[in-house]
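Worksheet: one structure, shown below.
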Amino acid sequence: MKPASPALLVQTATPSTVRDVNRRIILNLIRLHQPISRADLSAQTGISRSNISEIVDELVLMGMVKEKQAEPSKRGRVPIHLSLNDDGFRVLGISIRAGSTSLAYAGLSGHAQKVITFPTPSTPQKFVRMLAAKSIHGASGFFQHVGVSVPGLINAETGEVLWLPALPEYAGFPLATAIQDVVGVPVTADNDCNLGALADLWLSAEEIAGLQNFVFLEIGAIGVGAGLILGREVYRGYDGRFAAEFGHMIVDPNGPNCRCGRQGCWELFVCDQAAWQRYRGSAPFEATSMATLLAEARNGSGDAMRALEETARYLSIGISNIVLALNPELIVITGEITAAWDLVGPMIENKFAPSKIAIRVRPANLSPEDLYLQGAISLALNNAFAKPRIGW
Ligand SMILES: [Zn+2]
């Protein structure tokens, strides 16, 4: 019997790789600039007109791109405009949150349609049964891939949940495989903040300008989530289990106890609950507390403003640490605190930042809820748009 061949360690480029890479670049350019002509694609890429036409013809044949004659003008040739065929690749995005789960369908352009929301069951078995009961089946051809956003640690390669403090019963559950058994098409799952970063990249004007490396932060009610985009791709650590857990950088070794089992993690100083406690001491922290704090600060409350300022100081400490380590182009922040960005942003960027380092921060384009659902869609669509893996 012949011995089994060893697993491939290196993915080498073959003659078809160049074609594959170029096809995905063209598809991405059409997505970002549609409607666009073959001539413009050629001008933007330096690829000859005839090669562009070959690639475009292939994409049209695959059903991913459609052609439309532009309105005739008085002179010159009437160009044919290319745009994505939204139905050429359909996906389902699932965003699991502690309280509720949202589902949305999308086509190649990534616009979320038909959002369904239901309370998140406390066990993953019930969750999968609920999905099955909702008659969501990809095998009928309605969608070809599913992306799932999970608010905790998940092995992005296997889709197994590792740590999910808000839904502890989910830990150890093979979520992607179980959903795949229900829907009948491939399922990919990832951490919510990784997907928030991906969604922000997809939706931002900076993407068109070629944003390569940035950090995404969610300043949440009781913690901080983060995602890291390097070279326009989510960085997931060497084994796909976690990376960029900036919320758990220790800023005070004698500080309060953290959910991770250590003390004085950054998230304990910058989350909404910390800001609230600076303002109101031991008064109970509720869902509306942060909005109250922000409103009070706007109404001129000195105490509320001081609580925000101290929170901004800690935000600045952590963000400077991240900037010193990674020198990203940008930090994108989501969370309730961004509703007072006119007050907090300048403190982070100017008042407390290290004098020699430019800190570029902006609020995200969407709320965390919308970002994570959009991110699940982007994850599923990555199959159509991402470049093939080559190298060691
Ligand atoms: Zn921690």
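Every read-out reported here was derived from the displayed coordinates using simple, explicitly stated rules and does not represent laboratory data. Everything numeric in this text was worked out from a predicted model, so none of it was measured. In this analysis, Cβ positions are derived from the backbone assuming ideal geometry, glycine residues included, and neighbour counts consider all displayed protein chains.
Before moving on, here are some points about what is shown:
- Convex hull volume of the Cα atoms of the stretch 240-392, normalised per residue: 162 Å³.
- Applying 1/(1 + (r/R0)^6) with R0 = 41 Å to the Cβ-Cβ distance of Arg313 and Glu169 gives a FRET efficiency near 0.60.
- Length gained when the stretch Val115-Leu61 is fully extended (0.36 nm per residue, less Cα-Cα span): 16.4 nm
- In a DSSP loop and with at most 16 other Cβ atoms within 10 Å, the trypsin sites (Lys or Arg not before Pro) in the stretch 171-251 are Arg232.
- Percent antiparallel among DSSP beta bridges (both partners in the stretch 209-364, rounded to 5): 55 percent
- Those aspartates and glutamates that a straight Cα-Cα span of less than 18 Å connects to Lys114, excepting residues fewer than 8 apart in one chain: Asp86, Asp87, Glu369, Asp370
- Maximal additional length on extending the Glu233-Ser367 stretch stands at 46.1 nm, based on 0.36 nm per residue less the C-alpha distance.
- Residue-averaged 222 nm ellipticity for the chain, from DSSP H runs of 4+ at -39500 (n - 2.57), nearest 500: -11500 deg cm²/dmol
- Residues considered: Gln69, Gln212, Gln180. Largest GNM mean-square fluctuation over the chain, using C-alpha springs under 10 Å, is found at Gln69.
- For the chain, the calculated P(r) over all alpha carbon pairs, in 10 Å bins from 0 to the bin holding the longest distance, is 5, 20, 28, 24, 15, 6, 2, 0, 0 percent.
- Alpha carbon centroid spacing (whole Å) that separates the stretch 281-310 from the stretch 176-238: 31 Å
- Values of log10 I(q)/I(0), in the order q = 0.13 Å⁻¹, for the stretch 81-228 under a Debye, Cα-only, solvent-free model: -0.61
- The simple spin-label model puts a point 7 Å past each Cα toward its Cβ; for Glu71 and Thr17 those points are separated by 4.6 nm.
- Solvent-free Debye scattering, log10 I(q)/I(0), computed from the Cα coordinates of the stretch 15-84 at q = 0.23 Å⁻¹: -1.01
- Other residues with beta-carbon under 12 Å from the beta-carbon of Ile94 carry, at +1 per Lys or Arg and -1 per Asp or Glu, a net charge of 0.
- Alpha-carbon Debye profile of the stretch 178-324, log10 I(q)/I(0) at 0.18 Å⁻¹: -1.11
- Options Ala283, Ala376, Thr14, ranked by Cα towards positive dipole end of the chain, top entry (Cβ charges): Thr14
- Among Ser301, Ser316, Ser367, the largest mean-square fluctuation in a Gaussian network model of the chain (Cα springs under 10 Å) belongs to Ser301.
- Residue of Ile229, Ile322, Ile94 that the Gaussian network model of the chain assigns the largest fluctuation, springs spanning Cα pairs under 10 Å: Ile322
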